[in-house]
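The values are calculated or read from the model by the stated rules, or taken from the named source; none is laboratory data. What you see is a predicted model, and the numbers here were worked out from it, not measured in a lab. When we count neighbours, we look across all protein chains shown, and the Cβ atoms used for this are built from the backbone with ideal geometry, even at glycine.
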Amino acid sequence: MGQHRYTLKTYGLELLLLGLAALWCVPFYYLSIVAVKPDMEVFTAPMSFPSEVRWDNFSRAWEGTAGVSLGTALANSIIVTVGSVALLIFFGSLTAYVISRNRQRLAGWLYTFFVVGIILPYQLAVVPLFSSMRSLGLVGNQIGLIVLYTGLFLPMAVFLYSGFVRALPVDYEEAAEVDGATRSRIFFRIVFPLLRPITATVAVMTGLLIWNDFFMQLIFLSGSQSPTLPVAIYGFVGEFTARWNMVFAAVLVSLVPILGFYLVAQRQLIQGFTGGVKS
Amino acid sequence: MSSSSRRARRQRAPLVWALPAVVVAFLFHYAAVAAGGWYAFTDWNGLTAPNYVGLANFRAILTNPDAVGALVNTLSLAIGFVIATNVIGLVLALVLNARLRSRFFLRSLFFAPVAISSLAIGYVWQFILEAQGPLNTLLGFVGLQSFQRVWTADPFFSLWSVWLVMVWQFAGLCMAFYLAGLQSIPVELNEAAAVDGASSWRRFRRITFPLLAPAATISISVTTILGLRAFDQVMSLTRGGPGYASETLTTQIYKQTFVFGNFGYGAAFALVLTFLVLAVSGAQILVLRARENRL
């Protein structure tokens, strides 16, 4: 297929796709213009371009409602996501290393054990998890959510890391062993740095799934004074019914970190999702 | 490999290091799922001791039209979602695999909604679909006033509003799966066929499409699970309404358990969903794998 000339037909196709892309952007367009509309205009002219740009919508949304500011929610989301991802990287890489480098039959079974864990649906697990974590005081706070997400996404992290460790040559480890390095030193100083590409994929994938998850956060944080972003936004909408400019300002504030992140990390993200296609 | 280096490797990675992760995975996945399965056969209210009630929860689901409605909604939504996202995703992938100058920009644009909170996106769409919203304004503008309605509050269209938003959000994910599949097909195959005079449609039918089987397996399985588990979009667009018109199994699990305190009944919904997910994805993997193997 070397003869890829840019014909008139290709030009037409390109225009068609750009048109479709513009249609795809309609929600983003309304999100941006409504977020900066003056209060009255949301009702009088919801569709139109704002007559004046009200940046103070953001500061009003930032203050939030019922004593919960958007800043608090943002901080909570960051704490939960970063805490869970750090634990997932640590336990995921270590566990995958152990079961992929070990040749005992038990190691093979453990691999299957984790893969089946990915398939078992969390909707059925959530009821007993909620009741046992409630009795341990892990409901309504960030620590509980960090524990929960680490548990839920650990099989996926182990699975992603295992595929990578298997393809990693053992030469460096053997050389270090000859030099008399201890086992933990070999893992942390030699193996873990070599895992960097897959660590990036695991961090981006699990980080995004945790940041955007609503189901678990709604259940484990409802009524809490320290909600995460999705729970806070859910509450805002109840409070600011039909005040779309306030709702959209809050939504936009919650989306900006992710859109920025997406621009930087989309390659890892797409790889993380589609990694299974090539194997 | 010599037996001494094999022994060295075994020692390098002591299995006991995996113990914390094994315990956590056992508790959060195996034990919790088993306990959830047991609660489905009890009348537990989340506070007092549960009593075994046999199949009473499942009988209650099957004899309640609203609960059956949630089951039917879940299935219709999932089937419609899988078909639409995969068709759109495949077409986007074929078009954006080559030629177009803006292909890299367009790929990241169509994939972008996947990265965003479904809940947040649901609210933006609720605005677009509301009474005085952009969609109804557009319909009025082109003279289709009779089609105007509050889409998310309509007994029929509320579920399909959820469908529309989910398709918009995840078509780009299917596109990424099919693009990865297309990029793994050797260019020489298509070139050789072109030299032999095969038309582009014939090349697609005989070469590209069959070789996309692994990508299709993953894309269809992932979208099936996303479709069967629909929750965020329902909660932000319709909250299951009007009435029960857009309830799904997952919204019922949430409401029955955590709003009404019927832990046993909610667990029964979760078990139904679990069987559905396992049965559908198991059957799909068997059928799609068989198709892959025939090639």
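Selection over region B:261-290 of residues that are loosely packed, with under 13 Cβ neighbours inside 10 Å and either over 18 Å from B:Thr74 (Cβ atoms) or at the interface with chain A (Cβ under 9 Å from one of its Cβ atoms) (or both) gives a count of 3. Candidates are the residues of region A:1-39 that are closer than 15 Å to B:Ala98 by Cα and assigned to a loop (DSSP other than H, G, I, E, B); the one that is modelled with the highest pLDDT is A:Thr7. Selection of region A:1-25 for residues being facing another protein chain (nearest Cβ under 7 Å) and surrounded by fewer than 17 Cβ atoms within 10 Å (Cβ to Cβ) yields A:Met1, A:His4, A:Thr10, A:Leu13, A:Leu18, A:Ala21. For the condition more than 7 Å from chain B (Cβ to nearest Cβ), modelled with pLDDT of 95 or more and either in contact with a Pro (Cβ under 6 Å, 6 or more places away or on another chain) or within 14 Å of A:Gln217 (Cβ to Cβ) (or both), A:Leu148 qualifies.
Which pairs turn up if I take residues in region B:167-188 that are closer than 18 Å to B:Pro214 by Cα and look for partners that are of a type in the set (Lys, Arg) and part of a helix (DSSP H, G or I) with beta carbon separation below 6 Å, at least 6 apart in sequence or on another chain? If the second residue must be of a type in the set (Lys, Arg) and part of a helix (DSSP H, G or I), the pairs left are B:Ser184/A:Lys278.
The residues of region B:97-110 that are touching a residue at least 60 places away in the same chain (Cβ under 8 Å) and within 15 Å of B:Phe204 (Cβ to Cβ) amount to a single one, B:Asn97.
The residue that is farthest from A:Leu168 (Cα to Cα), among those in region A:89-115 that are aliphatic (A, V, I, L, M), more than 8 Å from every other protein chain (Cβ to nearest Cβ) and surrounded by fewer than 24 Cβ atoms within 10 Å (Cβ to Cβ), is A:Val115.
Touching a helix residue (DSSP H, G or I) at 6+ places or on another chain (Cβ under 7 Å), in a helix (DSSP H, G or I) and among the hydrophobic types (A, V, I, L, M, F, W, C): does that describe B:Val95? So B:Val95 fits the description; yes. Can you find a residue that is facing chain A (nearest Cβ under 7 Å) and either under 26 Å from A:Leu218 (Cα atoms) or of a type in the set (A, V, I, L, M) (or both) anywhere in region B:88-96? Yes: one or more hits. Whether any residue in region A:40-48 is more than 14 Å from chain B (Cβ to nearest Cβ) and either β-branched (Val, Ile, Thr) or in a helix (DSSP H, G or I) (or both) is what I want to check. The answer is no; no qualifying residue exists. For region A:69-88, state whether one or more residues are farther than 26 Å from B:Leu278 by Cβ, of a type outside the set (A, V, I, L, M) and either assigned to a loop (DSSP other than H, G, I, E, B) or within 11 Å of another protein chain (Cβ to nearest Cβ) (or both). Checking region A:69-88: at least one residue is farther than 26 Å from B:Leu278 by Cβ, of a type outside the set (A, V, I, L, M) and either assigned to a loop (DSSP other than H, G, I, E, B) or within 11 Å of another protein chain (Cβ to nearest Cβ) (or both). Being among the aromatic types (Phe, Trp, Tyr), in the same structural domain as A:Leu94 (by TED's automatic domain parsing) and within 21 Å of the chain's Cα centre (by Cα): is that true of A:Tyr172 here? Considered against the rule, which asks whether it is among the aromatic types (Phe, Trp, Tyr), in the same structural domain as A:Leu94 (by TED's automatic domain parsing) and within 21 Å of the chain's Cα centre (by Cα), A:Tyr172 comes out as no.
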